[in-house]
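Each value in this text was obtained by applying a stated rule to the coordinates, not by laboratory testing. All of these numbers come straight from a predicted model, not from anything done at the bench. Note that each Cβ is placed from the backbone with ideal geometry, even for glycine, and that neighbours are counted across all protein chains shown.
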């Protein structure tokens, strides 16, 4: 039987460019889209003790000339200089309202990733949250009534309660379920742990020169900052995910 060279070329291209075959839509399917209302998830431990159960980053959301928003992982998370942060701090020193508005838009905002088991679907997903919900999760783990809620045998499911206040979500009622419960049977736990997503790989160290170009695009020779970036407020989790780039 003759070799199909077209298929072989396609496979070769996939091996050399693994991201080419993955659309942003496929990437976003890995994430847990928090529905409005009450939702039960189990926050999962990491594979080993060398890393935390969560991955932490900070995001600069930059609106380009085409109006599209792109998320940039702040380089300071890796202990590296960040040109966008340099622009951010500089904007506060000019005394101009338009510069302060831009500074609020590009401010590095904390983001946390963790693996969760969706109790409704049984799928392992990546939960991406901001500071408010993450504080609730950490607070519960520091509460002696709950302890390590990620423990496969004696942990607690976490109830995420999402309520909309206008266009922004609120999670004030979110909390662990009072009763401890096993994650599953031994075989189910093994399968779940084999399905963990590489959340720590999501926190990318982006190239300095690329960041420098983005930072320079925010500056104009005459006014100091670009006027093309629309004013925005704190983003919702859904909006954040819609702008997340693989």
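Each part reduced to its alpha carbon centroid, the range 141-179 and the range 32-91 end up 21 Å apart. Per residue, the convex hull spanned by the Cα atoms of the range 126-191 amounts to 97 cubic angstrom.
A viscosity of 1.567 mPa s and a temperature of 4 °C, combined with the Kirkwood radius over C-alpha pairs in the Stokes-Einstein formula, give the range 28-127 a diffusion coefficient of 80 µm²/s. Panel order for 77, 116, by other beta carbons found within 10 Å of each beta carbon, from fewest to most: 77, 116. Ordered by the count of other Cβ atoms within 10 Å of each Cβ, fewest first, 141, 164 give 164, 141. Three semi-axes describe the equivalent ellipsoid of the range 34-241; taken as square roots of 5 times the Cα gyration tensor eigenvalues and ordered largest first, they are 37, 19, 14 Å.
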